[in-house]
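Q: Once you've had a glance at the structure underneath, I'll fire off some questions.
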Amino acid sequence: MSEISVLSESEKPKVLPYDPLNPEFLANPYGNYARLREEAAVHRTDAGLAVMTYGLVNKVLRDNRFGHGDGLGAQDAKIPTPEGPRDALMLMDPPDHTRLRALVNRAFTHRVVQRLRPAVEKIAVELLITAVEKHGDGPVDLSSEFCRPLGVRSVNHLVGVPEEYTERCVNFGRDGGRGLDPGFTLTPEEEQQRVNVRHGAVEITLEMIADRRANPREDIVSDLIRVEEAGDRLTENEVLTTVANLFLAGWAAPQATLGLSVVALLNHPEQQAYYLAHPEHADRSMDELVRYDSTVQLAERLALEDAEVGGFEVKAGEEVYLMFGSANRDPEVYENPDTLDLTRVGQRNMGFGHGIHYCVAAPVAKMVSEVGLNVLLGQFRPELLTPAPPTNGAITQRSYSEIPVTLHPVG
């Protein structure tokens with residue numbers, strides 16, 4: 001394993017127009033976003049541009065002059081393989097991204113994801129009953145005892161990961177919480193954790209690929225292997241990096257989305273009541289919860305050629321940071337954007353991105369969150385012990401590190 005190099009404070013560039021590691025910002029970034037949007041739609045920093053508004057974020061996402069290339073985002077998200085570090089699927093550009101994404105989308109169709117619901121509900125009930133039996137009337141950390149294991153076990157069930165890996169994968173879901181953050185924002189320990197998680201995901205993936213070669217199944221791993229063996233469309237390394245990417249994204253997104261949604265509803269009792277009373281509007285409710293408090297706060301793009309964003313010239317090779325969390329609170333697009341309103345209809349939110357790089361794990365994250373909320377709020381009476389739980393400290397993927405509650409079964 002290569003030695004980790006961490007920049008000193010004086011060497012770190014000012015990537016964003018605010019301090020993303022400030023504890024007050026991490027607790028609630030949306031006031032900062034509002035101030036910055038009022039000042040300007042686009043801010044120039046030492047590292048490039050930060051785009052704050054919905055319209056401009058959407059425009060860049062749809063502009064093929066912007067991609068990942070070999071920018072900071074791609075460099076910080078390489079997957080270790082026997083042939084050296086390789087790009088993750090989510091940070092590839094066309095045509096490779098187009099070819100691989102078409103295959104991966106098979107695993108996340110609406111039909112396939114919805115078929116997983118009964119298994120997710122069973123896991124959710126089991127986890128919460130176990131938590132009540134363990135803690136009684138005492139505090140329960142929903143993050144570690146519900147959100148994280150539910151997200152990981154759901155994804156593992158979908159992909160077909162053997163049960164003996166469950167505890168290890170749950171730990172990966174915890175330790176990889178800052179997996180998409182710029183490397184220079186991490187401590188040496190955090191960077192080492194990220195490296196360890198990626199190597200662990202690759203190790204499990206290699207074992208699964210070997211097993212599926214000997215014992216093919218009807219799952220995404222077997223599908224990718226069959227394509228690779230049928231011709232030259234997929235290389236051995238592409239199978240490895242694609243499956244490992246599914247794990248790394250899938251373990252993180254559902255637990256983060258569920259945790260943020262739980263806290264939002266517990267802090268808004270009237271919206272919680274609406275959610276329970278209107279299961280027929282579950283899709284719309286989940287969209288609003290994702291808009292209100294986005295797990296994916298920002299995304300990086302590289303200018304692949306000279307371009308222009310909001311009146312700023314962008315040279316090829318410059319970084320552009322798309323502030324999804326800010327775009328989702330843009331008053332030009334959403335009326336009363338700081339209000340959680342599950343009856344809201346309108347523009348699609350940026351909680352999981354947009355366009356060709358829309359988060360591959362988004363359908364699973366939303367379904368797992370919906371089922372988790374149904375079980376938690378419908379069968380138990382959770383009481384939040386703090387309105388502002390601590391976050392995981394991530395710049396890119398917002399999540400709660402702890403969610404202390406008391407749990408009381410209904411009836």
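Q: Can GLY259 be described as in contact with a helix residue (DSSP H, G or I) (Cβ under 7 Å, 6 or more places away or on another chain), at pLDDT 95 or above, among the small types (Gly, Ala, Ser) and under 20 Å from LEU150 (Cβ atoms)?
A: yes
Q: Sticking with this structure for a sec: Could you say whether any residue in the range 323-331 is aromatic (Phe, Trp, Tyr) and within 23 Å of PRO279 (Cα to Cα)?
A: no
Q: What number of residues within the range 275-331 satisfy the criterion of being within 15 Å of ASN64 (Cα to Cα) and of a type in the set (Val, Ile, Thr)?
A: So the answer is 3.
Q: Oh, and also: In the range 353-411, what residues are under 22 Å from SER326 (Cβ atoms), polar (S, T, N, Q) and part of a strand (DSSP E or B)?
A: Passing the criteria: THR391, GLN397.
Q: Within the range 348-355, identify whether any single residue is touching a residue at least 40 places away in the same chain (Cβ under 8 Å), in contact with a helix residue (DSSP H, G or I) (Cβ under 8 Å, 6 or more places away or on another chain) and closer than 13 Å to ALA256 by Cα, and answer yes or no.
A: Yes, some residue in the range 348-355 is touching a residue at least 40 places away in the same chain (Cβ under 8 Å), in contact with a helix residue (DSSP H, G or I) (Cβ under 8 Å, 6 or more places away or on another chain) and closer than 13 Å to ALA256 by Cα.
Q: Ok, one more. What residue, among those in the range 318-334 that are in contact with a Gly (Cβ under 8 Å, 6 or more places away or on another chain) and over 11 Å from GLN347 (Cβ atoms), is surrounded by the fewest Cβ atoms within 10 Å (Cβ to Cβ)?
A: Out of the qualifying residues, it is GLU318.
Q: State which residue is surrounded by the fewest Cβ atoms within 10 Å (Cβ to Cβ) when the search covers only the range 152-169 and only residues that are under 18 Å from GLY372 (Cα atoms) and free of Cβ contacts under 8 Å to residues at least 40 places away in the same chain.
A: Residue satisfying both the conditions and the ranking: ASN156.
Q: Hey, does the range 4-16 have a residue that's surrounded by fewer than 17 Cβ atoms within 10 Å (Cβ to Cβ) and modelled with pLDDT of 85 or more?
A: no
Q: Continuing with the same structure: It is to be established whether one or more residues within the range 192-200 are closer than 20 Å to SER144 by Cα, touching a Leu at 6+ places or on another chain (Cβ under 9 Å) and assigned to a loop (DSSP other than H, G, I, E, B).
A: Scanning the range 192-200, I find no residue that is closer than 20 Å to SER144 by Cα, touching a Leu at 6+ places or on another chain (Cβ under 9 Å) and assigned to a loop (DSSP other than H, G, I, E, B), so the answer is no.
Q: In the set GLU270, GLU207, GLU218, GLU203, which member is closer than 28 Å to CYS147 by Cα, among the acidic types (Asp, Glu) and at pLDDT 95 or above?
A: GLU270
Q: Ok, one more. When you go through GLU207, GLU218 one by one, which is the residue that is surrounded by fewer than 15 Cβ atoms within 10 Å (Cβ to Cβ), in a helix (DSSP H, G or I) and out of contact with any helix residue (DSSP H, G or I) (no Cβ under 6 Å at 6 or more places or on another chain)?
A: GLU207
Q: What number goes with the only condition from (1) assigned to a helix (DSSP H, G or I); (2) in contact with a strand residue (DSSP E or B) (Cβ under 6 Å, 6 or more places away or on another chain) that ALA273 does not pass?
A: Unmet for ALA273, out of (1) assigned to a helix (DSSP H, G or I); (2) in contact with a strand residue (DSSP E or B) (Cβ under 6 Å, 6 or more places away or on another chain): (2).
Q: Would you confirm whether or not the range 365-376 contains a residue that is surrounded by fewer than 18 Cβ atoms within 10 Å (Cβ to Cβ) and not acidic (Asp, Glu)?
A: So far as the range 365-376 goes, no, none of its residues is surrounded by fewer than 18 Cβ atoms within 10 Å (Cβ to Cβ) and not acidic (Asp, Glu).
Q: Quick one: in the range 23-56, which of the residues that are more than 19 Å from LEU180 (Cα to Cα) and β-branched (Val, Ile, Thr) is modelled with the lowest pLDDT?
A: THR45
Q: Right, next: Scan the range 168-187 and give yes if some residue there is at pLDDT 80 or above, of a type in the set (Asp, Glu) and part of a helix (DSSP H, G or I), otherwise no.
A: No; the residues of the range 168-187 include none that is at pLDDT 80 or above, of a type in the set (Asp, Glu) and part of a helix (DSSP H, G or I).
Q: Going by what's in this entry, would ASP338 be described as acidic (Asp, Glu) and under 20 Å from MET286 (Cα atoms)?
A: When the stated conditions are applied, ASP338 passes them.
Q: Taking LEU56 as the residue in question, decide whether it is out of contact with any Cys (no Cβ under 9 Å at 6 or more places or on another chain), surrounded by fewer than 19 Cβ atoms within 10 Å (Cβ to Cβ), touching a residue at least 60 places away in the same chain (Cβ under 8 Å) and of a type in the set (A, V, I, L, M).
A: no
Q: Which of the residues that make up the range 323-352 are among the small types (Gly, Ala, Ser) and part of a loop (DSSP other than H, G, I, E, B)?
A: Selection gives GLY346 alone.
Q: Let me ask you something else. Return the only residue of VAL320, VAL290 being in contact with a helix residue (DSSP H, G or I) (Cβ under 7 Å, 6 or more places away or on another chain), in a strand (DSSP E or B) and touching a residue at least 24 places away in the same chain (Cβ under 8 Å).
A: Answer to the check: VAL320.
Q: Quick one: what pairs do we get from the range 386-406, first residue at positive phi and surrounded by fewer than 22 Cβ atoms within 10 Å (Cβ to Cβ), second of a type in the set (Asp, Glu) and in a loop (DSSP other than H, G, I, E, B), C-beta under 9 Å, 6+ apart or different chains?
A: GLY393/ASP181
Q: Something else: Within the range 294-303, can one find any residue that is touching a residue at least 12 places away in the same chain (Cβ under 8 Å), among the hydroxyl-bearing types (Ser, Thr, Tyr) and farther than 21 Å from ASP76 by Cα?
A: Looking through the range 294-303, at least one residue is touching a residue at least 12 places away in the same chain (Cβ under 8 Å), among the hydroxyl-bearing types (Ser, Thr, Tyr) and farther than 21 Å from ASP76 by Cα.
The values are calculated or read from the model by the stated rules, or taken from the named source; none is laboratory data. Nothing here was measured: the structure is a model prediction, and the numbers come from that model. So basically every Cβ, Gly included, is an ideal-geometry build from the backbone, and we count neighbours across all protein chains shown.
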